[in-house]
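Data block below; observations after.
The values are calculated or read from the model by the stated rules, or taken from the named source; none is laboratory data. Bear in mind that the values here come from a model prediction, so they are computed numbers and not experimental data. Glycine gets a Cβ as well: all are built from the backbone with ideal geometry, and neighbour counts include every protein chain shown. Note: accessible area is taken over every heavy atom of the protein model, side chains too, but ligands, DNA and RNA are not part of it. Shrake-Rupley method; radii C 1.70, N 1.55, O 1.52, S 1.80 Å.
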Amino acid sequence: MRRVKKAIIPAAGLGTRFLPATKAMPKEMLPVVDKPTIQYIVEEAVASGIEDIIIVTGRSKRSIEDHFDINYELEANLRDQRKEHLLKMVEDIAKLADIHYVRQKQALGLGHAVWCARKFIGREPFAVLLGDMIIDSDVPCLKQLLDIYERKQAPVIAVDSVEWSQVSKYGVIDGEPEGERLFKVNRLVEKPATDPPSNMAIIGRYVLEPYIFQILSRLPAGIGGEIQLTDALQQWTSRHPMYAGLIQGKLYDVGDKMGFLKATVELACKDETLREPFRSFLRQAAAEGGETT
Ligand code: G1P
């Protein structure tokens, strides 16, 4: 049995939905409470047993590399000031995992971004985690998929049901239920404009086989003129088995302003030091809002 040790995190997108915040700053560095969104993703990968991570970056993404690197000046300063707790926090980020970088030189789509990491992956099965989804769960989302992969020895993608009105924002599957919280995938459609096959949306976590790179290398552009990972998976399912796991956990689509705000409020409400004062602030704000409306 082949263990999944490597993961790809595509992070080359322009982040236009968050302009002007993302004019000079990668969207992956926007903080939810006190951590950049990409750190949540890296932590999920590590907690799922991933040892090596390749982040696919683009222009203006240097701060991502700096974030996961050692910052000698800051560490020396914190050491001098005996801020042990902060020092440990900063040091731990650089020790999280072996992180590698590759550049996607042209913005040709998610499928192309994943393909850019092919040499790093070689012949092993691998995971893909998209930065736009933060998933708050007891068992890390990717670990839930890896458990299915171990049982089925076939590619697995994470899905969750979304409101029908939101379906056209996602890749969607057509699957047959196979046991609890598991589907055998028959078909996948990227951002269906009409007749979505279901409201089971792909939520940005995948466990894949390296053969997908061969499919990606000859895949024509799909919706939006981009090389779509979902289209490559569709080609895979026409010949090989693929599964979808209905994920247990709370999903935040932080690529969307509303999802980002929900994540900020709800994760702040769960934070040990912020929980009490922040909840009391929210109660007070709600009461004051009630008075004025
Ligand atoms: C990508 C995938 C899509 C998936 C979504 C989840 O789309 O192509 O299948 O449902 O991520 O966030 P994007 O949001 O990059 O357009």
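Structural remarks
- Scanning the stretch 252-270 for residues that are open to solvent by less than 40 Å² (accessible area, probe 1.4 Å), within 16 Å of the ligand (Cβ to nearest atom) and in a helix (DSSP H, G or I) yields G259, F260, A263.
- Pairs with Cβ under 8 Å, 6+ apart, first in the stretch 172-196 and closer than 16 Å to L233 by Cα, second basic (K, R) and outside any loop (DSSP other than H, G, I, E, B): I173/R187; D174/R187; G175/K184; K191/K169
- Any hit, the stretch 130-143, residues being in contact (Cβ under 8 Å) with a residue 60 or more places away in the chain, within 16 Å of the ligand (Cβ to nearest atom) and touching a Cys at 6+ places or on another chain (Cβ under 9 Å): yes
- Scanning the stretch 229-251 for residues that are open to solvent by 10 Å² or more (accessible area, probe 1.4 Å) and within 13 Å of the ligand (Cβ to nearest atom) yields a count of 3.
- Of the residues in the stretch 169-176, not one is within 22 Å of M258 (Cβ to Cβ), in contact with a Cys (Cβ under 7 Å, 6 or more places away or on another chain) and of a type in the set (V, I, T).
- Some residue of the stretch 42-62 being under 17 Å from the mean Cα position of the chain (by Cα), within 16 Å of the ligand (Cβ to nearest atom) and under 20 Å from D256 (Cβ atoms): yes
- Condition check for E190: open to solvent by 10 Å² or more (accessible area, probe 1.4 Å), at pLDDT 95 or above and near the ligand (Cβ under 10 Å from one of its atoms): yes
- Total residues in the stretch 45-91, condition open to solvent by 40 Å² or more (accessible area, probe 1.4 Å) and closer than 30 Å to I148 by Cα: 3
- Within the stretch 121-136, the set of residues being under 25 Å from P31 (Cα atoms), outside any loop (DSSP other than H, G, I, E, B) and not aliphatic (A, V, I, L, M) comprises D136 only.
- The numbered conditions (1) at pLDDT 95 or above; (2) more than 16 Å from the ligand (Cβ to nearest atom); (3) open to solvent by 70 Å² or more (accessible area, probe 1.4 Å) are all true for L146 except (3).
- The set of residues in the stretch 136-171 being under 23 Å from R239 (Cα atoms) and of a type in the set (G, A, S) consists of A154, A158, G171.
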